[in-house]
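The values are calculated or read from the model by the stated rules, or taken from the named source; none is laboratory data. Note that the coordinates shown come from a computational prediction; the quantities given were computed from them, not determined experimentally. Cβ placement follows ideal geometry from the backbone for every residue including glycine, while neighbour counts extend to all protein chains displayed.
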Amino acid sequence: MKALKVVLVVVGVVCLFSSLPGAVVPWSVINRVLGVLGFRAVPELPLVVYCVRLSSLGFALMGVFFLLLATDPVRYQPMLALGTWGLVVMGVLAFETGRMVGMQPAWYWADGGFAVLAGVLILIFWPRAQQAQE
């Protein structure tokens, strides 16, 4: 049970703190960080800003979701299944979308790899947590 909780907390913290800044920091700071990471500045168009901020907030809330699941994974089994398979699908989509738009592979491999690895670890530790609870 402990290993499952650790994975859920790590996923929650990574999702929360890696995406929350995109929802709240000034746009000029976002563009400076992108420049440091080797990306071009993102135009400050209303639709672009809206999409970035909304998706960042969604991922931050996903982090809160996983932190809540970590409090009692056996009790929240249906939600744990949804979150786990969502992570795996998100990881696969990150691989494919990153490749399609021509991103540097390291970026989408980091995102996609983290999501798929976390999902697989949850699937490995989940049955053990259920057996320990019985």
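Numbers at a glance
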quantity	calculated
Region 47-83, residues that are farther than 17 Å from Ala23 by Cβ, part of a helix (DSSP H, G or I) and β-branched (Val, Ile, Thr)	Thr71
Test: residue in region 44-59 that is in contact with a Phe, Trp or Tyr (Cβ under 9 Å, 6 or more places away or on another chain) and exposed (fewer than 13 other Cβ atoms within 10 Å of the Cβ)	yes
Counted residues, region 11-25 - those being crowded, with 16+ Cβ neighbours inside 10 Å and under 17 Å from Leu87 (Cα atoms)	6
Condition check for Pro73: over 16 Å from the mean Cα position of the chain (by Cα), under 14 Å from Val11 (Cα atoms) and of a type outside the set (A, V, I, L, M, F, W, C)	yes
Qualifying residue in region 120-134 (condition: closer than 30 Å to Gly38 by Cα, at pLDDT 90 or above, surrounded by 14 or more Cβ atoms within 10 Å (Cβ to Cβ) and not aliphatic (A, V, I, L, M))	no
Near pairs, Cβ below 9 angstrom, 6+ apart or cross-chain, from region 34-62 (without any contact (Cβ under 8 Å) to a residue 60 or more places away in the chain) to any residue that is charged (D, E, K, R) and assigned to a loop (DSSP other than H, G, I, E, B)	Leu34/Arg40
